[in-house]
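Read through the structure below, which is laid out as structure tokens, and then see the notes.
The values are calculated or read from the model by the stated rules, or taken from the named source; none is laboratory data. Note that this is a predicted model, so its numbers are computed, not measured. A quick note on method: Cβ atoms are made from the backbone with ideal geometry, for glycine too, and the neighbour counts reach across all protein chains shown.
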Amino acid sequence: MKTLLVSNFEGGFQPHTVASAATALINAGVEVSVLDTYVEGIQKEKFKDVDLVAISIPLFDAVSAGIEISKMVREENPNAHITFFGQHATINANRLSGIYSDSCISGEWEIPLVKLTDLLAGEKVEDLSGILLAEDALQGKVIHPFMSRKHLDVPTRTILPPLEKYPQIQINKLLGSEQVVGTTEIARGCHHKCLYCSVFAAYDGKVILVPEDIVISDVRNLVNQGMTHLTFIDADFFNAKYHGIKILRKLNEEFPFLTYDFTTRVDHILENQETLKEMKELNVKFITSALEFPSKEVLDEVAKDTSIEDIEGAISFLRETGIKLNPTFIMFNPWTKLEDLSTFRAFVADNQLEDIIDPIQYETRLYLYKGSPLLQRNSIQSLDLTEYEFHYEWKHPDPSIDELYFSSLTPQEEGIFKRCCLKC
């Protein structure tokens with residue numbers, strides 16, 4: 001059984017989703033090769049002479065490109081079985097399987113991918129949990145995402161493009177020097193239920209912790225590849241209160257030169273001040289936090305469970321502690337009023353954020369993907385919505401806001417990311 005794992009975009013980083021899938025398949029005796037079109041381009045010759053092509057779509061940015069890849073595979077290798085896996089495969093399983101693929105993996109992907117290879121090899125597989133086959137999808141069958149706490153292992157990095165292929169301009173800017181950046185995770189899912197978040201849509205508040213020894217072994221392998229800075233790609237680093245700090249202590253002892261960043265919420269910054277002070281000494285250099293928009297209405301509509309006062313308190317604390325803040329915003333959203341944009345500028349100035357905010361954050365717009373819990377809100381349903389295959393375009397009730405948005409767009413610099421976490 002020859003399997004090709006394909007990634008097209010994972011936030012501009014080496015694809016962790018593919019690395020974890022590779023481990024499970026290799027351990028099961030499957031012959032595995034990898035193509036990351038983000039850095040290697042389309043290599044159609046790799047689509048030939050394989051039995052299974054598994055396309056990773058962990059982010060919404062990867063969905064459309066993943067579909068185009070599936071079409072190319074079909075042309076080059078009509079006999080190959082095509083499947084999708086990753087977070088947005090979970091969200092879009094019934095929109096993908098039967099139309100653009102022969103199956104789709106919903107939920108955690110490692111065990112279902114192995115079972116799929118067994119099925120394709122002609123073995124009898126009793127339990128197909130997490131695998132939506134095309135014939136079932138076309139009949140309207142809906143499956144529950146596969147969830148497990150015993151399937152994780154050290155990601156296989158050796159078959160991926162080297163870390164140097166993934167330069168991170170924003171991280172270099174924040175740290176003031178060129179870095180070789182790697183990623184790992186200490187958990188999957190998220191306890192929080194922010195309504196715009198695709199992690200909530202895929203995991204419904206569940207969290208799966210990655211065992212400490214797996215994380216440390218993965219970091220060891222990344223350091224051996226030349227990594228100088230580690231980004232934790234968790235939706236929220238404080239999904240488990242003590243899991244992260246225990247790991248950081250061990251990593252700092254073994255790799256005192258290594259620096260870190262992670263993503264967490266404003267309320268966790270305020271709740272974990274003593275821990276964060278220690279993290280500063282353990283080489284945590286910056287924290288990404290989704291501030292959304294300094295408006296009570298906006299914060300309430302996306303169920304952020306925080307306040308403007310909380311946001312300002314977290315900003316002040318990080319400044320005093322010496323950990324840099326990398327704030328993200330949903331600058332253009334359906335609830336922002338014209339006068340709010342002036343208030344936003346004052347908020348930036350009052351909180352000394354002028355030199356901190358990545359300029360692309362002034363251009364961010366709420367993305368309404370199909371499957372988003374936000375679509376259940378009355379305020380969203382009342383908008384002028386245009387439906388597309390995987391998302392909705394929306395018009396602001398005040399046309400001048402949309403005019404301002406479209407006039408503000410500038411060409412995006414390569415490597416500059418706009419996200420709250422690398423899984424959203």
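Observations on the model:
- Of the residues making up segment 82-107, not one is out of contact with any Ser or Thr (no Cβ under 7 Å at 6 or more places or on another chain) and in a strand (DSSP E or B).
- Test: residue in segment 151-173 that is over 16 Å from the mean Cα position of the chain (by Cα), closer than 25 Å to Ala235 by Cα, of a type in the set (Asp, Glu) and outside any loop (DSSP other than H, G, I, E, B): yes
- Residues that are within 18 Å of Ile91 (Cβ to Cβ) and surrounded by fewer than 24 Cβ atoms within 10 Å (Cβ to Cβ), drawn from segment 109-132: Ser129
- Elements of type helices (runs of 4 or more DSSP H) in segment 313-424, at least 1 residues being assigned by TED's automatic domain parsing to the domain that holds Thr275 and at pLDDT below 95: 338-350, 399-408
- Cβ pairs under 7 Å, 6+ apart, first in segment 64-84 and on the phi < 0 side of the Ramachandran plot, second of a type in the set (Asp, Glu): Ala80/Asp51; His81/Asp51; His81/Asp102; Ile82/Asp102; Thr83/Asp102
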